[in-house]
1. Starting from the stretch 376-395, keep only residues that are in a loop (DSSP other than H, G, I, E, B) and modelled with pLDDT of 90 or more, then list their pairs with residues that are of a type in the set (Gly, Ala, Ser) and open to solvent by 20 Å² or more (accessible area, probe 1.4 Å) whose Cβ atoms are within a distance under 8 Å, requiring at least 6 positions of separation or different chains.
2. Among LEU174, LEU180, LEU170, which is the only one that is touching a Cys at 6+ places or on another chain (Cβ under 6 Å) and either assigned to a helix (DSSP H, G or I) or small (Gly, Ala, Ser) (or both)?
3. Could you please give the count of residues in the stretch 288-340 that are within 28 Å of TRP407 (Cβ to Cβ), open to solvent by 70 Å² or more (accessible area, probe 1.4 Å) and not in a helix (DSSP H, G or I)?
4. Within the stretch 396-425, restricting attention to residues that are surrounded by 24 or more Cβ atoms within 10 Å (Cβ to Cβ) and not in a helix (DSSP H, G or I), which residue is farthest from the chain's Cα centre (by Cα)?
5. Of all residues in the stretch 201-259, which are buried (at least 24 other Cβ atoms within 10 Å of the Cβ), of a type in the set (Val, Ile, Thr) and under 24 Å from ILE277 (Cα atoms)?
6. Give the residue, chosen from ALA49, ALA78, that is loosely packed, with under 13 Cβ neighbours inside 10 Å and at pLDDT below 90.
7. Please verify whether LEU8 is at pLDDT below 90, among the aliphatic types (A, V, I, L, M) and either farther than 22 Å from LEU348 by Cβ or in a helix (DSSP H, G or I) (or both), treating the condition exactly as stated.
8. Within the stretch 153-171, count every residue that is over 17 Å from GLN325 (Cα atoms) and touching a strand residue (DSSP E or B) at 6+ places or on another chain (Cβ under 7 Å).
Amino acid sequence: MLVLRRLLGLALLATAFVPLHRLLDPRTAGPAGAATRDAAEASWTLGLAGSIIVVALSWLIVRMWPAGIPNWLQTAAAALLKTATAAVLTPSAGRFALLLGVATLAATSASAVFLHGATPTSVDGMAQMLHAQSVAAGRATIPLSGNPAFWVSQNGIVTPEGWASIYPPLHTLLLALGVLLGAPWVVGPVATTVATVAGAAGVERLCGVATGRLTGILLLLSPFWLLLGSTHLSHTTAAAGLALVLFSATAAQSGALRWTVLTGASVGVAVCARPWIGLACSATIVSIVWWPRARAWTTGETFRRFAALVSGGAPFAALLFWWNQVLFGHPLRLGYTVAFGPSHGLGLHRDPWGNAYGLLEAVGYTGADLSQLGVRLLESPLPLTVLVAVLLWTKVVPRGAPAVIGWAATAVIANSLYWHHGSKFGPRMLFESVPAWMALLALACVTAFSRTGPRTFTRLIRWTIVVTLIGGLSFAPFVLAGARSSGIEPPPEVDGGRALVLVHGSWSSRTEN
């Protein structure tokens, strides 16, 4: 395991400093490859320059401290650190979860309203929102009227019954509930709040109080997490599902079958929102968390656990199969395949637009995702993936680390097999694994400040962490301020100057000027 972890650490380090994104040739990878390459190049340049500055500054501080620092400043810094630590560790688990949840909901709601205008900000969100309006009106599809060409849109399909989006059911249904309540924009913030609280609580059970609570705080401070988490995108619901998988799977170790049922239901939530990433990451989390005790289970105990897990997930499986049958003609046929054909599937092949997605493209896109992730998690000058790589290189891995390592690694591997690598406020296809990455960063911080080692090297690592986090906190407000968008209004169906608009759950007609 040590060799494997160190290989992962070296690979992660390479993605921070080796420009793997340059493997994306715009002539073969197309416009998406060119856009990803440009975005990754900016992150890579910033991370490279920032790393040099951070390490140099940290080295100067190490050489100056304590001789060059006044005693009163040392005393004040120590007192501040002690007070902050007590404020985080003293509250009970329930009180900390409540405070974290309220803060996250407030931050994401503010982002949704004031930065995104409480409207979809992408084609994906627009399509799901339009479909959700139809569901809220009591129809699985939108009945066609006027010229059918008006309904041909990206991420939507025209069925014999009407127009529908291509997405799995759960997030669309949650948006429909939001429509009925008059606030569909709140779905993303609520899901992100659940993901933050459940993810931090699960990490606290696995890795200890300090690591779990630092994970929650880091999520709350992440511009990428807050910005994408306040959109209409289904990544938020999938992230909530995976965080609940971690929390319930750790709780199920007590032997209570109700937690196993909840684990199955959480897997269902993730899969019903984003099937591939939900299934892959859920399987990894559950397997790693349960494996140490599962080896001692009797045949009867194994059967009971499996039955409880299936019973929790069965309603969501039924929902997904029914949705696929009604909209796409077969229980196992997803809307993606109906809209784009077999070329939408996993693996190395040409994508639906005819662009190449071979081994070089997979490495290039994956490198681009990780290069952006390291910088965008906290807008830090030094890529945070570097600190995670240092953690993976340690001889003794902290308690609970394998589960979050597996979660983070599975998300990267799973997405490397998928040709689409979108970028919105960061590498959005890795959004569902952000709690795992923040847990690894928290583990790196706790490990660095709790273990002893060569004095100079240990102090250098600690100051590198401090300078990196301070730099990220300094840049984050500017990133949030620059992310303001007017949103994208779902376009109404137009026919002879008329438009159909859903108002409070019913279709009405108005004249377009």
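The values are calculated or read from the model by the stated rules, or taken from the named source; none is laboratory data. Predicted, not measured: the structure shown is a model, and the values here were computed from it. When we count neighbours, we look across all protein chains shown, and the Cβ atoms used for this are built from the backbone with ideal geometry, even at glycine. The accessibility values were calculated without ligands, DNA or RNA, using every heavy atom of the protein model including side chains. Shrake-Rupley method; radii C 1.70, N 1.55, O 1.52, S 1.80 Å.
1. Close Cβ pairs satisfying both conditions: PRO381/ALA49.
2. None of the other options fit; the residue is LEU170.
3. 3
4. TRP419
5. VAL203, THR215, THR231, THR236, THR237, VAL245 - these are the residues of the stretch 201-259 that are buried (at least 24 other Cβ atoms within 10 Å of the Cβ), of a type in the set (Val, Ile, Thr) and under 24 Å from ILE277 (Cα atoms).
6. After ruling out the rest, the residue left standing is ALA78.
7. no
8. Residues that pass the stated criteria total 1.
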